[in-house]
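First up is the structure itself, then whatever we jot down about it.
Every number in this text was worked out from the coordinates using simple rules, so none of it is lab data. Since this is a predicted model, take the numbers as computed values, not measurements.
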Amino acid sequence: MHGDPTEPPRSAVPDASAEQADRGRQRFQWFRDMRTWIHARPHVHLFYKVLVGIVGGLIVVIGLILVPLPGPGWLVVFVGLTVLASEFHFFHRIITWLRAKLHRFWDWAKHHAPSKRMRDAADKGKADVDAAHAEAHRNVGVQRPRGRTARPGH
């Protein structure tokens, strides 16, 4: 015959890219499950929201202290805002606004760049902003059951 009968047909074997995407979805599945559990319990959710507010606020403050120093001050501020955006819609709107401003900046930089290398760097910067935003959204977002409306403040 043509192959081992215990081996699955070639169409049933997932390709490497599908397997990698599946691993990416499963990587933080425990975190998503935990957040779903937390959101289903109002008292635990309130404690969690306060904890996220304190940790995110602390990260933003540390980032602002680091801004005048050499190092990744603004990056730390954006990480803190992303942590806060995981639970607070106001900060999610700020992150979305910042993403739009960064897109405008990268478009401007690409348009005014004197060399191909700088235009490529602007494209890469824009792609990095999109990838970071998508990854943060995917990893901290909570899937709510369909047909259920969000509670006020969510």
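How many times 2.2 N^0.38 Å is the alpha carbon radius of gyration of segment 15-140? Let's see the in-between values first.
On the way: Rg = 17.6 Å, N = 126, 2.2 N^0.38 = 13.8 Å.
Here the answer is 1.27, to two decimals.
May I ask you to derive the relative contact order of segment 15-140, considering only C-alpha pairs under 8 Å and at least 6 residues apart, and to give it as an integer percent?
On the way: 92 pairs, mean separation 21.3, N = 126.
Across segment 15-140, relative contact order equals 17 percent.
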